[in-house]
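Quick notes on the structure that follows.
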Amino acid sequence: MGKLKVVISDCDHGTVETEQKVFEQAGLDWELLDCKSEDDVIAGCAGAAGILSQYAPIKARAIDSLPGLKVLSRYGVGVDNLDVEAASRAGVAVCNVPDYCQDDVSTHAFALLLDLVRGVTGLAKDTASGGWDFRLAGSVPRTRGKTLGLLGFGAIGRIVARKALGFEMKVIAYDPYINSTEMDVRLVGLEELLRESDFISVHAPLTAETKKVINAASISKMKDGAYLVNTSRGALVDEQALADAIKSGKLAGAGLDVLTREPPEKDNPLPGLDNVVITPHSSFFSEESFQELKEKAARNMVEVLSGAPARYLLNRDKLKS
């Protein structure tokens, strides 16, 4: 492969030993930077054949300014910080790691659901402060026999479904790209999902069509006293509409691992509300998933640069055209 150079544009993981091992085994020169802006990327990544990015923006201007670039890889599933279209035009492969945390996210989603239903966080806080009163949990519905609606039925949604079925819940799902399943899950339209679900767990990608799919209008169609869980992308939910629905009692609670802006800004209406449990975008994390993410994100670059089949190539069809 020669001594091609790859750059980690930014990484807040504390260590890049896993990536270093992958790169050095492949005979690549590598460098770790701390790019915050596209200008940082342009200045720091000159001459790089590949860039591994966490948050640094790599858009059309940067891509066009780096003529030797062959591959962009991202730590994670989403590629919001990368311009896939511009990369495709320039013949640059774009890779992600779509499967490293599927079990972890599904478990976190279910943990949020159970926390909300059983009032675990509120009861634990009260007990820690000297209280001892189960009635503070408020109305506690039984999960068995209740309906979980999955908004999105991709890999993570299907794992959540299996876990919910193990709890003897009924499961329905809405996904415009899926029209059949061998699971004991009924596929429905969005209106029916909103109307029939006691709990809704969001597992959809963020697109122009799905942005704020949970909004005042869709919430008005949900069951009174329903619960919402979101471990996908914060912008799928209109946060003010959700806060209003919880304050009014229309919804019983929400469990959120993602917000539109992270960390939340001071004017975010959700933190501190009763019956809202927010975790710091942590659903992806386990010791195993973290190492898997780092190794696969680095190996993406090696595969592309060596000419090996790239398992996680997002723009394969566009590069062929």
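Nothing in this text is a laboratory measurement; each read-out follows from the coordinates by a stated rule. Remember, it's a predicted structure, so these values are computed and weren't measured experimentally. Neighbour counts run over all protein chains shown; Cβ positions are idealised from the backbone, glycine included.
Here is how the numbers come out for the structure above:
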| quantity | calculated |
| --- | --- |
| Length-normalised contact order of the range 240-292 in % [C-alpha pairs under 8 Å, at least 6 apart] | 39 |
| Mean Cβ neighbour count within 10 Å, used as a protection proxy, ranking 250-261, 162-173 highest first | 250-261, 162-173 |
| Relative intensity, log₁₀ I(q)/I(0), of the range 1-128 from a Debye sum that treats every alpha carbon as a point, q = 0.14 Å⁻¹ | -0.67 |
| Percent RCO, i.e. relative contact order, over the chain, from Cα pairs under 8 Å lying at least 6 residues apart | 19 |
| Taking all pairs of distinct alpha-carbon atoms in the chain, Kirkwood radius in angstrom | 21.3 |
| Under 5 Å, built H, 5+ apart or other chain: amide partners of I278 | L256 |
| Overall dimensions of the range 65-162 by Cα: Rg and Dmax, Å | 21.4, 65 |
| Over the range 199-321, volume per residue of the alpha carbon convex hull, in Å³ | 145 |
| Derived scalar couplings ³J(HN,Hα) [the range 137-146; Karplus, 6.51 cos²θ - 1.76 cosθ + 1.60; whole Hz; x for Gly, Pro] | 5, x, 6, 10, x, 6, 7, 4, x, 7 |
| Filter on K59/K223; K36/K296; K163/K212; K170/K212 - keep pairs with C-alpha separation over 30 Å | K59/K223 |
| Relative contact order (%) - the range 102-278, alpha-carbon pairs under 8 angstrom, separation at least six | 20 |
| For q = 0.17 Å⁻¹, Debye-computed log10 I/I(0) when each Cα of the range 47-102 counts as one equal scatterer | -0.47 |
| Equivalent ellipsoid, the range 102-278 (semi-axes from 5 times Cα gyration tensor eigenvalues, Å) | 25, 19, 15 |
| Calculated [θ] (222 nm, deg cm²/dmol) that DSSP helices of n ≥ 4 give over the chain, each run adding -39,500 (n - 2.57) | -10000 deg cm²/dmol |
